[in-house]
Amino acid sequence: MMDGVSNELTPELAATIEAGFARRDRANMKPTIDFFEDLLRQHPGNPYVLYEVGGSYDTDGQEEKALEYYERALPGLTGDTKRRCLLQYGSTLRNLGRLDESLELFAKACQEFPESDALRVFKALTLNAAGRHDKALATLLLVIADRIDTPEIKRYEASIRGNADYLATR
């Protein structure tokens, strides 16, 4: 805690965030934005609240405004919340046409969180948006080969991985 500002996610703050998120209405984000902006006034600089404010603006289609909150939140986040923030930040960069920045962010995020299928899927979306369709498909094929555990997929797993390798190097 510095100058009365806590960067921690206490159980009480986590419960308050969850309650605000649960009431979210994607068709009318103003109440959610107001809720998290008010919570930020109560917890200035808290990275977990900054992330939620950014996410609220992002859901409302205010991507430029969301970016500044994500950027301020990221240095103080850890674990699953950091992974979610990286995903949303990278996706927002893509939506704003900042494809190189998005790809760079997803590359680093996938290294930090190699178990995250969602990061790989959203990286594929950015690859596709950047016109790198073969690499996007290769990324998705690897998610399929890694995660879909059915007899049919397992039977063709070597072929799926071979096609992914081929596409990734084109």
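Can you give me the Kirkwood hydrodynamic radius for the stretch 1-84, using every pair of distinct Cα atoms, in Å to one decimal?
Numbers: mean 1/r = 0.0785 Å⁻¹.
About 12.7 Å for the stretch 1-84.
Between the stretch 82-98 and the stretch 24-64, what is the separation of their alpha carbon centroids in Å?
Using only Cα atoms, the two centres lie 16 Å from each other.
Specify the residue with the greatest mean-square fluctuation among Tyr69, Tyr57, Tyr156, computed from a Gaussian network of the chain linking alpha-carbon atoms under 10 Å apart.
Comparing Tyr69, Tyr57, Tyr156 in the GNM, the peak value goes to Tyr156.
Per residue of the chain, what 222 nm ellipticity follows from adding -39500 (n - 2.57) for every DSSP H run with n ≥ 4, rounded to the nearest 500?
Details: 10 runs with 125 residues, N = 170.
Per the formula, -23000 deg cm²/dmol.
Setting aside same-chain residues fewer than 8 positions from Lys135, which lysines have a Cα under 24 Å from its Cα?
In chain and number order, the partners are Lys108, Lys123, Lys154.
Which lysines have a Cα lying under 21 Å from the Cα of Lys65, excluding residues fewer than 8 positions away in the same chain?
List returned: Lys30, Lys82.
What size of dipole, in debye to the nearest 20, comes out for the chain about its Cα centre when the only charges are +1 on Lys and Arg C-beta atoms and -1 on Asp and Glu C-beta atoms?
Numbers: 22 positive and 28 negative charges, 130 e Å.
Roughly 620 debye, rounded to the nearest 20.
Students often get this wrong, so try it: which of [x] 16.1; [y] 17.4; [z] 16.6 is Kirkwood radius over Cα pairs in Å as calculated from the structure shown?
So the calculated entry is the one marked [y].
Percent relative contact order of the chain, based on C-alpha pairs within less than 8 angstrom and at least six residues apart?
With pairs under 8 Å counted, the relative contact order is 13 percent.
Mind listing P(r) for the stretch 96-142? All alpha-carbon pairs, 5 Å bins, whole percents.
Values per bin, smallest distances first: 5, 26, 35, 24, 10, 1.
We did not get these values from a lab; they are worked out from the coordinates using the rules stated. Bear in mind the structure is a predicted one, so any value in this text is a computation, not a measurement. When we count neighbours, we look across all protein chains shown, and the Cβ atoms used for this are built from the backbone with ideal geometry, even at glycine.
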